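This report refers to the structure that appears directly beneath it.
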Amino acid sequence: CISAHSLPASHFAGALLFLMIARTLAVFDIENPAEDGVVIEPDTEFTSGNISHPPEYKYSIQPRSDEVKVLLMSLAGDSEHI
């Protein structure tokens, strides 16, 4: 029986996913949104059922610096999907 852990590509895929998430977190500030200067905290209740998860919530994603913003805008200009 072949498991996912014995496939060489699964290690590569896991490492690639980690790098993509780390790069995203490195260039963006992800915060709770503010309305009229007051930070809106997300609901901490979870759904019930076989699979429990938090409800949808609003958030704010901003580039960490002007340099990152310029880079993202240049990449967006090269893509028709953004």
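Work out the length of the dipole vector of the range 28-82 about its Cα centre, built from +1 on the beta-carbon of each Lys and Arg and -1 on the beta-carbon of each Asp and Glu, and round it to the nearest 20 debye.
140 debye
Remind me, relative contact order of the chain in percent, using alpha carbon pairs under 8 angstrom and six or more residues apart?
So the answer I get is 24 percent.
Gaussian network model of the chain, Cα springs within a sub-10 Å range: biggest mean-square fluctuation belongs to which of Phe18, Phe28, Phe46?
Phe46
P(r) of the chain in 10 Å steps, Cα pairs, percent per bin?
P(r) over the chain, rounded to whole percents: 14, 23, 32, 25, 6, 1.
Values quoted throughout were computed directly from the atomic coordinates according to the rules given, and no laboratory measurement underlies them. None of the values given here were measured: they were computed from a predicted structure. In this analysis, Cβ positions are derived from the backbone assuming ideal geometry, glycine residues included, and neighbour counts consider all displayed protein chains.
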